[in-house]
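The values are calculated or read from the model by the stated rules, or taken from the named source; none is laboratory data. Since this is a predicted model, take the numbers as computed values, not measurements. Cβ sites come from the backbone with ideal geometry, for glycine too, and all protein chains shown count toward neighbours.
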Amino acid sequence: MKNIHCKVFGHDYKVTRHVTYHVKEYTCESCKKQLTTSGNGNLIELTPKFKEINDVLERIHHKRILRINKRMTTSKQQKEAKLLIA
Ligand SMILES: [Zn+2]
């Protein structure tokens, strides 16, 4: 009975996925209950519906990071190119 630990000591949540900077998924190490961050920052149970939402959020978030990285690389290369010319 793993759940007894949770009843006595409370759940032992660990972050199992970083969806965005603000949204994470947590899993209880003892009973495997899952939580996620809701839109208003509260922790709620991770239902299949929210898992789906998090998948979409994660995809958008990663795309944004890739775009920012690309932009930074470009401006860095431009700077280096200017140095070469100078
Ligand atoms: Zn638990």
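A few points about this structure:
- From the list 58, 45, the one residue that fits, being within 16 Å of the ligand (Cβ to nearest atom), charged (D, E, K, R), surrounded by 10 or more Cβ atoms within 10 Å (Cβ to Cβ) and at pLDDT 90 or above, is 45.
- Taking the listed residues 13, 21, the one that is among the aromatic types (Phe, Trp, Tyr) and surrounded by fewer than 16 Cβ atoms within 10 Å (Cβ to Cβ) is 21, with no other qualifying.
- Pairs, first away from the ligand (no atom under 16 Å from the Cβ) in the range 16-30, second aliphatic (A, V, I, L, M), C-beta under 8 Å, six or more apart: 19/57; 20/57; 23/57; 24/15
- Selection from the range 61-86 of residues that are at pLDDT 90 or above and farther than 30 Å from residue 37 by Cβ: none
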